[in-house]
């Protein structure tokens, strides 16, 4: 017994590291991500912002329906509701102050966050679909088709993307609005600019995605599991959908988190120039533009530009830090 006991303990001590080492790649990536405190806190900030965007309109309606006191408290807090509290400084009643029409700036900022994040997420989804399909097709096909597809990407990459979006909006807005009227879809006419903005920003943001996916597909299509699937009779579409594209999701997700703030910045810039979101809708770019319009030598209503501007900056930094954290987490070279 005295000779068997050490052998059993040794076997158990060796088995524990082996069991821990059988974690999936996703579990190991999540462990590495949690070590990056800046990325974790940035993810919490983004989650809190999304929760606030979802819950704030519901809270306003509940308070407004609760009685007279609730209606007085909620006065001016709906983005479209006007009041006489023009240019009120931040206070207990209006946490971020009021704008030129007496509307609560906090509610306006939350409403602008809805539009800015919507444009960023939908535009990123458009770039995801186009970029993955384009890059996967080019990388797997190879040869002349690969060369032709990537030369077109190079040509589009050389064009100024922001000017393309501006031309798209100014050219098609009137045509698309008339088409909506002719089809009897009057409810969509007010969102024509938003639709064109999302499509335009998404259509110029897929070029990097296509290059990244193509590079991943080129390195994966000669792997043994792909050759085995091809030997078993699987076609190109099945191989791409079942074997190659899923292995690129790690890199794709990382790039998506970096694309969202880039599209949000484009949208804010265009809205600041008056070419993006139009009233009565609001985005962070339009709120910053409205605040800049109120700057004059007599008095500066600082809260109109400080709060939307800082929230835009913090959100973009948070999304960037989350993307950096995911990039480091999926980098197997950094694994201990």
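The values are calculated or read from the model by the stated rules, or taken from the named source; none is laboratory data. Just so it is clear, the model here is predicted, and its values are computed rather than measured. In this analysis, Cβ positions are derived from the backbone assuming ideal geometry, glycine residues included, and neighbour counts consider all displayed protein chains.
Restricting attention to helices (runs of 4 or more DSSP H) lying wholly within the range 182-290, give those where 3 or more residues are within 28 Å of residue 167 (Cβ to Cβ) and either touching a residue at least 40 places away in the same chain (Cβ under 8 Å) or touching a strand residue (DSSP E or B) at 6+ places or on another chain (Cβ under 7 Å) (or both).
Helices (runs of 4 or more DSSP H) meeting the threshold: 192-203, 207-220, 249-272.
Counting only residues that are part of a loop (DSSP other than H, G, I, E, B) and exposed (fewer than 13 other Cβ atoms within 10 Å of the Cβ), which one in the range 49-79 is modelled with the lowest pLDDT?
The selected residue is 67.
Which one is surrounded by the fewest Cβ atoms within 10 Å (Cβ to Cβ) among residues in the range 304-321 that are within 16 Å of residue 111 (Cα to Cα) and without any contact (Cβ under 8 Å) to a residue 60 or more places away in the chain?
Of everything passing the filter in the range 304-321, 310 is surrounded by the fewest Cβ atoms within 10 Å (Cβ to Cβ).
Does residue 220 count as closer than 16 Å to residue 139 by Cβ and over 22 Å from the mean Cα position of the chain (by Cα)? First the steps, then the outcome.
Numbers: closer than 16 Å to residue 139 by Cβ: yes; over 22 Å from the mean Cα position of the chain (by Cα): yes.
Judged against the criteria, residue 220 is a match.
Of the residues 126, 100, which single one is touching a helix residue (DSSP H, G or I) at 6+ places or on another chain (Cβ under 9 Å) and at pLDDT 85 or above?
Values: 100 fails: at pLDDT 85 or above.
Matching residue, one of 126, 100: 126.
Could you say which residue among 329, 318 is over 24 Å from residue 97 (Cα atoms), part of a helix (DSSP H, G or I) and at pLDDT below 85?
Among 329, 318, only 329 is over 24 Å from residue 97 (Cα atoms), part of a helix (DSSP H, G or I) and at pLDDT below 85.
Which condition from (1) within 20 Å of the chain's Cα centre (by Cα); (2) within 19 Å of residue 102 (Cα to Cα) is the one that residue 272 breaks?
Result: residue 272 fails condition (2) only.
Looking at the range 285-298, can you tell me whether even one residue there is within 15 Å of residue 123 (Cβ to Cβ), buried (at least 22 other Cβ atoms within 10 Å of the Cβ) and touching a helix residue (DSSP H, G or I) at 6+ places or on another chain (Cβ under 8 Å)?
Scanning the range 285-298 turns up at least one residue that is within 15 Å of residue 123 (Cβ to Cβ), buried (at least 22 other Cβ atoms within 10 Å of the Cβ) and touching a helix residue (DSSP H, G or I) at 6+ places or on another chain (Cβ under 8 Å).
Just to verify a result, which residue in the range 84-100, among those that are surrounded by fewer than 16 Cβ atoms within 10 Å (Cβ to Cβ) and free of Cβ contacts under 8 Å to residues at least 24 places away in the same chain, is nearest to residue 64 (Cα to Cα)?
93
Given the criteria over 16 Å from the mean Cα position of the chain (by Cα), surrounded by fewer than 19 Cβ atoms within 10 Å (Cβ to Cβ) and more than 30 Å from residue 142 (Cβ to Cβ), does residue 233 qualify?
In short, no.
Please determine whether any residue of the range 250-266 is modelled with pLDDT under 80, within 23 Å of residue 210 (Cβ to Cβ) and in contact with a helix residue (DSSP H, G or I) (Cβ under 7 Å, 6 or more places away or on another chain). Break it down into steps so the answer makes sense when it comes.
So in the range 250-266, the residues modelled with pLDDT under 80 come out as 250.
Those left that are additionally within 23 Å of residue 210 (Cβ to Cβ): 250.
In the following step, the residues that additionally are in contact with a helix residue (DSSP H, G or I) (Cβ under 7 Å, 6 or more places away or on another chain) were identified as 250.
Checking the range 250-266: at least one residue is modelled with pLDDT under 80, within 23 Å of residue 210 (Cβ to Cβ) and in contact with a helix residue (DSSP H, G or I) (Cβ under 7 Å, 6 or more places away or on another chain).
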